[in-house]
Amino acid sequence: MTRAEFLTRLKRGLAGMPASAITDIVADYEAHFADGLAAGRTEADVAAALGEPERLAREQRAEQGVKRWEEAKNPSAAAGAIFAIVGLGAIDILFLLPLLMGVLGTLFACFMAAIGIFVAGGVVTAVGPFAGQPGGPAVAFLLGIGLMATATALAAVTTLLSIWLVNGLVWFGRLHYRLLKPAIETQV
């Protein structure tokens, strides 16, 4: 594979990333080619040593997703990091994706339960004192406040678990990349 073919395939794999990031990444690989040619290697040798451009693009996307997650811990950044890391290893998808979907489904159910309990607590707080509940209006009011506090605590715990999940996936992605990186570097 020639330098131009390698860089074209790399750019195609990086499509959709910020232009400045693509420029920096492509410049790094152009430097690899320049160093290899200066050392007397052919473009084909350098390209073979670097590996598949598509794989390198997936690794760079994963790294960008992780950086975005570390800079801004929000749902969009979390989703970007998760999908970038899952996209890093095709074999891992067979094992990681079903487990990940089960955990994400459980977390989503916990969030929905927290919203439902919070709304129910609001209804009990607003309507309970006028409904003639046993124990009087104070008990109904306090019961509603207690339900809303329980829902808030459930949502907070679920949020923490979600953050831990994303951090765990980031750790997994970095471990995965570290295991592959020495093999890539020995070829370069």
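What to note about this one:
- All positions within region 122-172 that are touching a Pro at 6+ places or on another chain (Cβ under 9 Å) and closer than 30 Å to R61 by Cβ: S162
Yes/no matrix, rows are residues, columns are (1) at pLDDT below 95; (2) surrounded by 12 or more Cβ atoms within 10 Å (Cβ to Cβ); (3) outside any helix (DSSP H, G or I):
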{"site": "V103", "(1), (2), (3)": "yes, yes, no"}
{"site": "C110", "(1), (2), (3)": "no, yes, no"}
{"site": "Q133", "(1), (2), (3)": "yes, yes, yes"}
{"site": "V139", "(1), (2), (3)": "yes, yes, no"}
{"site": "L142", "(1), (2), (3)": "yes, yes, no"}
{"site": "L154", "(1), (2), (3)": "no, yes, no"}
{"site": "V157", "(1), (2), (3)": "no, yes, no"}
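- Residue match in region 80-99 (condition: at pLDDT 75 or above and either aliphatic (A, V, I, L, M) or exposed (fewer than 13 other Cβ atoms within 10 Å of the Cβ) (or both)): yes
- Pairs linking a residue in region 50-66 that is within 21 Å of A79 (Cα to Cα) to a residue that is of a type in the set (D, E, K, R) and modelled with pLDDT under 75, with Cβ atoms under 9 Å and 6 or more positions apart or on different chains, are E59/K181; A62/R174; E63/R174; V66/R174.
- Restricting the first member to region 109-123 and to residues that are over 14 Å from F141 (Cα atoms), and the second to residues that are small (G, A, S) and at pLDDT below 95, the beta-carbon pairs closer than 9 Å and six or more apart or on different chains are F111/S162.
- For region 12-35, the set of residues classified as modelled with pLDDT of 85 or more and buried (at least 20 other Cβ atoms within 10 Å of the Cβ) consists of I25, Y29, listed by residue number.
The values are calculated or read from the model by the stated rules, or taken from the named source; none is laboratory data. Just so it is clear, the model here is predicted, and its values are computed rather than measured. Positions of Cβ are generated from backbone atoms using ideal geometry, with glycine treated the same way; all protein chains shown enter the neighbour counts.
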